[in-house]
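> Have a look at this one before I ask anything.
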Amino acid sequence: MEGDGIKVAKLGEKELKECEDQVSHLALDIGGSLIKIVYFSSISSCSSDDQKHGVLKDGIDTSSGNLNYKFLTGRLHFVKFETSKIGECIKFISSKRLHHYGDQDDEAPASDKSIIKATGGGAFKFADLFKEKLGIILDKVDEMSCLVAGANFLLKAVQREAFTYMNGQKEYVQIDHEDLYPYLLVNVGSGVSMIKVDGDNEFERVSGTSVGGGTFWGLGKLLTKCKSFDELLELSHQGNNRVIDMLVGDIYGGTDYSKIGLTSTTIASSFGKAVSENKELEEYRAEDVARSLLRMISNNIGQIAYLNALRFGLKRIFFGGFFIRGHEYTMDTISVGVHFWSKGEAKALFLRHEGFLGALGAFRNYEKNGFTDVTHEFMEQHSSKAKSSFCAGDGLQSSTHADVKDNGCIECRVQVRN
Ligand SMILES: Nc1ncnc2c1ncn2[C@@H]1O[C@H](COP(=O)(O)OP(=O)(O)OP(=O)(O)O)[C@@H](O)[C@H]1O
Ligand SMILES: CC(C)(CO)[C@@H](O)C(=O)NCCC(=O)O
């Protein structure tokens, strides 16, 4: 899963693997379906050329020039677990000793060492469990503000983060930092939140729908024999929605209803054919059911998103959340919907780290504690020098659509206070 970009400190993959250790700044987003983890690990005891040239010393870049700060070179890791398997998540944190990062910072007050930033409903629901199993206190950060902080961070800091996807064409979009706001952020998790973003910490949740990722996976599980979300997604790839969806042409005898702008192939009624055909569920191919379901939900989200963009005169709609999964057909359906309804006026954009907005936002919240400026400087590293690269995960399972957004990491350099 090597990505595009240049390594920040010119370390080889092997060196990075050997050197990687000290974990700092763990943040969690515990959602209705998935737990997302983001953590930073710096590199120590390296023998790279950079160190020989005095740039890296115990993973600390001494070239900063500012004595109040030091640079740490390392990796920002992204890991996810199913919320129903929270035990696995706790085991992972425990085995990697992610929750002990404060122990390495001798100057951190004892009270800071066991406090972890966490967002999502699970930060409330599972607070006692984390305290009991790991001895950590979850410092709850508002979910919507984390989504916004995460999206703003990615859009400003990471090169080639946002892209459009239509008719099989993926195109990266260069984001002008001066011209980012306002935009609509549509986070498609278990449910869907739509947020009008006007600035760094300026936003309003303007809408939402309960028909989201949980609906696709929940109904899909009931209607097909799929055992995993990725299996359902893969199945949908091979299906044909016209077998179950009632098209305009089915109603109009094969012709368009051009007077109101509907072609004969437009879906008139999702799953509508199942009414008149009198077939049992088993008589439909699971692939076709999965395809209709994905199309129905993606279309609906695209349409509600567009209506909200219209409501506030927003031209750009960024879609995040783990439902999207970088899945071509999902993105294509949403994009075509937004393009169709807005008559080309509004654009659907997608994010490479779509599923980690909330966790990144919680991670950024450490800045507010005053003991680190990690993310701020990380941002500048990427925006000014265009340096980022991606690496494989932590040996955890990844799916057929795996990318950096699953279990992976970004190599980066961050600045922290001395
Ligand atoms: N491996 C997976 N297991 C379960 N769902 C997955 C998986 N991969 C992708 N998904 C999709 O991602 C959705 C969850 O997305 P996300 O993690 O962004 O939301 P969440 O934070 O769990 O939910 P919410 O924000 O509503 O509490 C699921 O409903 C499903 O559609
Ligand atoms: C409840 C949350 C915010 C939890 O993440 C999310 O699942 C959601 O936005 N659901 C949609 C709820 C609604 O607006 O109808």
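Bear in mind these aren't lab numbers, they're just calculated from the coordinates by the rules spelled out. Only a predicted model underlies this, so the values are computations on that prediction, with no experimental measurement involved. With ideal geometry, Cβ positions are generated from the backbone for all residues, glycine too; neighbour counts draw on all protein chains shown.
> Which links in Lys96/Lys117; Lys140/Lys196; Lys196/Lys347; Lys36/Lys227 stretch past 19 Å when you go from one Cα to the other?
Among Lys96/Lys117; Lys140/Lys196; Lys196/Lys347; Lys36/Lys227, the Cα-Cα distance tops 19 Å for Lys140/Lys196; Lys36/Lys227.
> Determine the gain in length on full extension of the stretch Phe340-Lys225; use 0.36 nm per residue of separation and subtract their C-alpha separation, reporting nm with one decimal. It would help to have the intermediate numbers written out before the result.
Working: separation 115, 0.36 × 115 = 41.40 nm, distance 3.35 nm.
Gain in length upon complete extension: 38.1 nm.
> What's the magnitude of the charge dipole for segment 310-356 around its Cα centre, counting Lys and Arg as +1 and Asp and Glu as -1 at the beta-carbon? Answer in Debye, nearest 20.
For this selection, approximately 200 debye.
> Here's another thing I want to ask about it. Per q in 0.13, 0.16, 0.18, 0.23 1/Å, what log10 I(q)/I(0) does a Debye calculation on the alpha-carbon atoms of segment 232-301 return?
-0.37, -0.55, -0.68, -0.99
> DSSP loop chymotrypsin sites (Phe, Trp or Tyr not before Pro) in segment 200-305 with at most 11 other Cβ atoms within 10 Å of their Cβ, which ones?
The qualifying sites: there are none.
> Taking a spot 7 Å from the Cα of Lys368 along the direction of its beta carbon, which residues of segment 135-168 have an amide N less than 19 Å from it?
Only 137-154 pass the distance filter.
> What's the center-to-center distance, using Cα atoms, between segment 268-301 and segment 316-342 in Å?
20 Å
> Could you give the alpha-carbon Rg of segment 171-241 over 2.2 N^0.38 Å, rounded to two decimals? Walk me through the numbers on the way to the answer.
On the way: Rg = 16.8 Å, N = 71, 2.2 N^0.38 = 11.1 Å.
Normalised Rg, Cα atoms only: 1.51.
> What are the radius of gyration and Dmax of segment 131-228, computed over its Cα atoms and given in Å?
Taking only Cα atoms of segment 131-228, I get Rg and Dmax of 17.3, 50 Å.
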